[in-house]
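Here the structure is laid out as structure tokens; the discussion comes afterwards.
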Amino acid sequence: MVKEELLKLLEESRGEILSGNDLKDTLGVSRNAVWKAIQLLKEEGHHIDSVKNKGYTLLKESDVLSVGGLMQALGAQPSYHVEVLKEVPSTNTYLKESDSKKNNALVFAKKQTKGRGRLGRSFFSEDLGGLYFSLLKKEDLARYSPSYATIACALSVRDALSEISGLPLSIKWVNDIYYEGKKLAGILTEGTLEMETGTLSSLILGIGINVNTKGFPQELEDIATSLFMETGRTYVRQDVAKNVLSHLEKNLLLTKENPVELLSAYKKHLLYLGEEITFLYNTQLRTGILTDLTPEGHLLVESEGSLITLHSGEISIRKGEQK
Ligand code: BTN
């Protein structure tokens, strides 16, 4: 389709002016067809400037999620099967409920109506500049150690976002990315088991990042933030996804090859280390000092004179004493 081909050419030369004549020749269509395709791309939200007597340019900050743009950004990375959905309840659920999805299926949603987080919580997923996607791994799972998958994912998101924004970000055990007390991103990893053998048959890595979000509903105002709100800059989400995925592929391999290295990198950014935290233990709200991360990726907490290991996926922690 002319529109997709045209977008590819514009993406390849982002920020540069491409002449209408060259475009029509390369695409083998009329000038009018190029003009029409440009209008369609503009309607989809792409920021394209028409420069009189010169041609067209896709602005550097233009940020629309599209299959073409993502494929271009992801380049030589593993053969992802990219889908971009306008709206879906949850990209994790979408992958979980479909048997026909291939290994490396990579699903993005502009909006999720039932974005899910850990502990049955919801994740704010309006079409307001956030990046919501899930990656399916169902082949060669023996290369990964699933118990470290969330840790690998959280570290990848942290490192990628820190690199892109320059912000010193932290990880709130086990799966949240924080900046100055506010949540910037969350991760939900889910697996399916082969019941007969008890082996893992698929791994779904779901990532939600507040990228260009300019504000949150009142109930989230004090606890959520975005890259835009912290830096005043707009980010191209396909580039953010590319950066996260390249860290993720590397870190997923580390789960098996070198979990010690993975955990040590994770621990460097662990929030509340050495500080007092509140946590739920045997249905009791307790306080203690977050002392260490165990080699298994669990938390070691000193509370009322004893050391407690927090390893349940059902535990949430927060800073300080419960009032
Ligand atoms: C959390 O807050 O505990 C984790 C949030 C994870 C959100 C992402 S967005 C893409 C994927 N789809 C979902 O429903 N959840 C994850």
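The values are calculated or read from the model by the stated rules, or taken from the named source; none is laboratory data. As the structure is a computational prediction, the values presented were derived from the model and not from experiment. Because the Cβ atoms are built from the backbone with ideal geometry, glycine has one as well, and the counts that use them run over all protein chains shown.
Cβ separations smaller than 6 Å between residues 6+ apart or across chains give the following pairs from the range 168-190 residues that are small (Gly, Ala, Ser) to residues that are outside any loop (DSSP other than H, G, I, E, B) and within 12 Å of the ligand (Cβ to nearest atom): Ser170/Tyr178; Ala185/Val157; Ala185/Ile177; Ala185/Ile209; Gly186/Asp176; Gly186/Gly208. Look at (1) at pLDDT below 95; (2) more than 26 Å from the chain's Cα centre (by Cα); (3) not polar (S, T, N, Q) and you find that Gly313 fails only one, number (2).
Here Leu95 meets each of (1) near the ligand (Cβ under 10 Å from one of its atoms); (2) assigned to a loop (DSSP other than H, G, I, E, B); (3) not small (Gly, Ala, Ser) with one exception, condition (2).
Can you find even one residue in the range 234-249 that is of a type in the set (Lys, Arg), farther than 26 Å from Ser98 by Cα and not in a strand (DSSP E or B)? No, the range 234-249 contains no residue that is of a type in the set (Lys, Arg), farther than 26 Å from Ser98 by Cα and not in a strand (DSSP E or B).
Scanning the range 88-130 for residues that are modelled with pLDDT under 95 and either over 17 Å from Thr189 (Cβ atoms) or among the aromatic types (Phe, Trp, Tyr) (or both) yields a count of 3. I'd like to check something: does the range 136-149 contain any residue that is within 15 Å of the ligand (Cβ to nearest atom) and not in a strand (DSSP E or B)? Scanning the range 136-149, I find at least one residue that is within 15 Å of the ligand (Cβ to nearest atom) and not in a strand (DSSP E or B), so the answer is yes. Count of the range 67-91 residues, restricted to those that are surrounded by 17 or more Cβ atoms within 10 Å (Cβ to Cβ) and among the small types (Gly, Ala, Ser), is 4.
The rows are residues; the columns are (1) at pLDDT 95 or above; (2) buried (at least 16 other Cβ atoms within 10 Å of the Cβ); (3) more than 18 Å from Val236 (Cβ to Cβ).
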residue	(1), (2), (3)
Lys8	no, no, no
Ile38	yes, yes, yes
Lys52	no, no, yes
Leu65	yes, yes, no
